[in-house]
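The values are calculated or read from the model by the stated rules, or taken from the named source; none is laboratory data. Fair warning: this is a prediction, and the values are worked out from it, not measured in the lab. Reconstructed Cβ throughout: ideal geometry from the backbone, glycine too, with neighbour counts over all protein chains shown.
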Amino acid sequence: MPNINIDYTNKTMLYRTAGDTEHKLGYVDDAGTVFKLRWDEGVRVGRIADHRVFRDTRHDEREVGSFTDEGVVRSHGLFEGGEMGWVEPDGVVVQAGLILGEEEVGRVEGDAKVAAGAALLLIFMIDEQEERIQSSR
């Protein structure tokens, strides 16, 4: 299967930072659809509507959190509910909370910084945490 080049114009890109490295995770398009990059292709993983973030599930979707215009991101998770972090005006995404501490986890680049930052915290970071838990078992 040939690689499909994605036109990143008018998309807000999500980057994960860890130490000195950074890699591109995905993007949010103009319609609010959240995509994860796999082999240079965008695979839909959720959507954003009315300051709320929805995660695609096998048969439907579920609301995972919300965000404010000021950049505060809140989770609706049963055990991790509450503030998850925030998005700085320059696009830096900070994960923070009562249990988590405070850590710069990535950045977003484009017009929909707060929405993309919320997707980074509520979809991509949660997926990463779940993968770590699965691999430690």
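Of note:
- Residue in the stretch 31-54 that is out of contact with any Asp or Glu (no Cβ under 8 Å at 6 or more places or on another chain), at pLDDT below 90, closer than 20 Å to T17 by Cβ and surrounded by fewer than 21 Cβ atoms within 10 Å (Cβ to Cβ) present: yes
- Residues of the stretch 38-51 satisfying the condition of being part of a strand (DSSP E or B) and free of Cβ contacts under 8 Å to residues at least 24 places away in the same chain: R38, V43, R44, R47, A49
- Qualifying positions in the stretch 1-30 - at pLDDT 90 or above and part of a loop (DSSP other than H, G, I, E, B): K11, D29, D30
- Note on the stretch 11-27: among residues that are within 17 Å of D127 (Cα to Cα) and aliphatic (A, V, I, L, M), the one that is nearest to the chain's Cα centre (by Cα) is L14.
- If you go through the stretch 101-124 and keep only what is in a helix (DSSP H, G or I) and under 20 Å from E70 (Cβ atoms), you end up with K113, V114, A115, A116, G117, A118, A119, L120, L121, L122.
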